[in-house]
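Read the figures in this text as sums done on the coordinates, not as results from a lab. All values reported here derive from a predicted model rather than from experimental measurement. Here the Cβ is made from the backbone with ideal geometry for all residues, glycine too, and neighbour counts use every protein chain on show.
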Amino acid sequence: MRMRQRLTLCVTRRSLVTSKSFVHDPNGNVTERADFNNDNIVYEYDENNRLLKKTYPDDSEVSFTYTPTGQRETVTDVRGTTAYVYDLRDRLKEVTNPDNTKISYT
């Protein structure tokens, strides 16, 4: 049985009311976020509470993968995949962007 908890936040600024609603899973992860238009972003997690996927109201998605040590390995969205490489001490060594440009760290 999955327990879900909803939290709603309302902010008023100069007669403009903004509302966001959040749904959490039993581990405290945000699984849904809705704004005042009721546009939902849905979040999915793995068994280690790492974010695997975000799905936006237009059905576009961002997905994430991780190394065996838990570092983010890839992020894939409509632009393509961004890949992260780490050294033996798990420090970020290189980022390859969807356009294949690379950023190296020393």
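Numbers at a glance
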{"read-out": "Percentage, to the nearest whole number, of Cα pairs in segment 60-106 over 13 Å apart", "value": "55 percent"}
{"read-out": "Hits among aspartates and glutamates - C-alpha to C-alpha of LYS54 under 18 Å, sequence gap 8 or more where chains match", "value": "ASP25, GLU32, ASP35, ASP39, GLU44, ASP46, GLU73, ASP77"}
{"read-out": "Least to most buried among LYS102, LYS54, LYS20 (fewest other Cβ within 10 Å first)", "value": "LYS102, LYS20, LYS54"}
